[in-house]
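Right, one structure below, let's go through it.
The values are calculated or read from the model by the stated rules, or taken from the named source; none is laboratory data. Computed from a predicted structure; not experimentally measured. Reconstructed Cβ throughout: ideal geometry from the backbone, glycine too, with neighbour counts over all protein chains shown. Each accessible area value is taken on the protein alone, full model and side chains, heavy atoms only, with ligands, DNA and RNA left out. Shrake-Rupley method; radii C 1.70, N 1.55, O 1.52, S 1.80 Å.
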Amino acid sequence: MTLTRSRAILNALRPHSFANSQTCFRALRSCSRDVPSLKRCFTSGLESPTEVEKILLDTIKYSARCMEELHGVWCHYHASLGAATAGVMATGPISFARYMQMCLSHPTAGYYMKASKPVIGSAGDFITSPEISQVFGELLAVWLLSQWMYAGAGRDIRLLELGPGRGTLMHDVLRVFSQFPAARSATKEIHLVETSPAMRATQEAKLSSLVEQQGWKLHWHDGLDRVQPDSTNFTLALAHEFFDALPFHLLQKTHHGWQEVLIASGPDPAEPTILKPSDKPSLDFSSTKPPAERAARFRQVLSPTPTPSSTLLGLSSTRFQKLPVGSRIEVSPVSFKIARQLSELLYDRESEGTRSAGSALIVDYGGEKVYGNSFRAFKDHKIVDPFHRPGECDLTVNVDFAYLKEASGDLATNLGPLSQAIFLHRMGLQARLDALKASAKDDDRRKDIEQAAKRLVDPTGMGTQYQIMGMAGRRQGELTDEERWPFLEVAHNDSQHHEADEHLSST
């Protein structure tokens, strides 16, 4: 779609609008030892542990007990090896994936599962683009609408969002679709993939009025696998800040292959104890708080040998095989699986690929490469240690867009990714801003509109931190330039966008 077409649509908008047993036990025994190369300990400070932290520590201890019991059974059936394995002690380390899943999605104590505290917005821990400006959702809606016009016209629209947050993005998209008679009548169902009851309630409160007004049907699903392929409808999907919150495994390449970095409880035993003099020594023995030197509750340990799972993950991309010894990579098999499932929804098997069954946009942190040290947490709009207050902070990891492409490439034509700034500029950001400012009631409102847009495309922030990738169900023949827009190499336009950035900054 060309910029002219984008503007034409925008102008029509109303302004307000493991291995064998022996290997397994050997790995667990070694994990209980110190790994000299891994000196980092993670602390939760001096506060009492969070509910999730207690569950995690109990999980690690329970895993140790279970493995010791299992070891006894295993030795019974392998008595000749008893002497060689008599010293096995399991500490029950867990993967980063398990840690992340527990922190974010534990049924009662997970970060996203609790209704007691908002997670998004000024009162939460982070802010998202849709919450900053309505223009973001509107421009994504324009791209989705154009994809339907080019490849799906004549079929009903099925809208889908993965991890809809507070429902703001979907609300803006629906508002745009409701303003075009053809799209309004073609839209039949909205499907939301959300596991948190608290978030579902928020989404329903945000969307129910508009959905009921238009006679649309709203559905929730616990996973994308619950959404069935349906080529009679044209699926338009969104995944905004979804993949970055999916569990990942941390791997390290050694001379033996890919070994997994795990999380164990307790401080690193190799760390020296340092006694520091104090001007005011404390004789208060009533305090139950541990000293700072004993506050570490989690530490990294390296599995002593490659396991089947770590080997498989290390071989899951040819890009990983080329990395040197010592490299660490963050790999998310869940992301790979979901990207694959998404592409299956967009591919029309009934027509054997003669036509597309839908399109999608993925917006997230990251880039077209693998990362090894991007795991972080957000608390009160600040980046904090990911082991700080487990279950009370948002956790995120950069998305490897190339990995998503490898998962979906045979079923979908992948477009981009582009930086958020370039995408929004090419889709007509300035034109939409001009319309909104023209209808603003006063200068203060116009300034707010301008500042919000500036934040979305800030080259030192959201404008480059976020990447946007398009997906179109693979079909016979190449996509036209109009269908690929704005995922095209257009140096002239990018120069214009740089000038627009300077204009926003000066304003």
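Table for the structure above
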| quantity | calculated |
| --- | --- |
| Test: residue in segment 247-255 that is closer than 30 Å to Leu139 by Cα and modelled with pLDDT of 95 or more | yes |
| Residue match in segment 302-311 (condition: outside any loop (DSSP other than H, G, I, E, B), modelled with pLDDT under 95, touching a Ser or Thr at 6+ places or on another chain (Cβ under 6 Å) and surrounded by 16 or more Cβ atoms within 10 Å (Cβ to Cβ)) | no |
| Residue list for segment 453-464, filter: open to solvent by 20 Å² or more (accessible area, probe 1.4 Å) and not in a helix (DSSP H, G or I) | Asp458, Pro459, Thr460 |
| Condition met for Asp380 (over 30 Å from Lys253 (Cα atoms), touching a Ser or Thr at 6+ places or on another chain (Cβ under 6 Å) and of a type in the set (D, E, K, R)) | no |
| Elements of type helices (runs of 4 or more DSSP H) in segment 129-239, at least 1 residues being touching a helix residue (DSSP H, G or I) at 6+ places or on another chain (Cβ under 7 Å) and of a type in the set (Gly, Ala, Ser) | 129-132, 134-147, 168-178, 181-186 |
| Residue among Glu483, Glu450 that alone is in contact with a helix residue (DSSP H, G or I) (Cβ under 6 Å, 6 or more places away or on another chain), over 30 Å from Glu53 (Cα atoms) and not in a loop (DSSP other than H, G, I, E, B) | Glu483 |
| Helices (runs of 4 or more DSSP H) (entirely within segment 321-426) containing at least 1 residues that are open to solvent by less than 50 Å² (accessible area, probe 1.4 Å), in contact with a Lys or Arg (Cβ under 7 Å, 6 or more places away or on another chain) and of a type outside the set (S, T, N, Q) | 401-408 |
| Test: residue in segment 262-275 that is open to solvent by 20 Å² or more (accessible area, probe 1.4 Å) and modelled with pLDDT of 95 or more | yes |
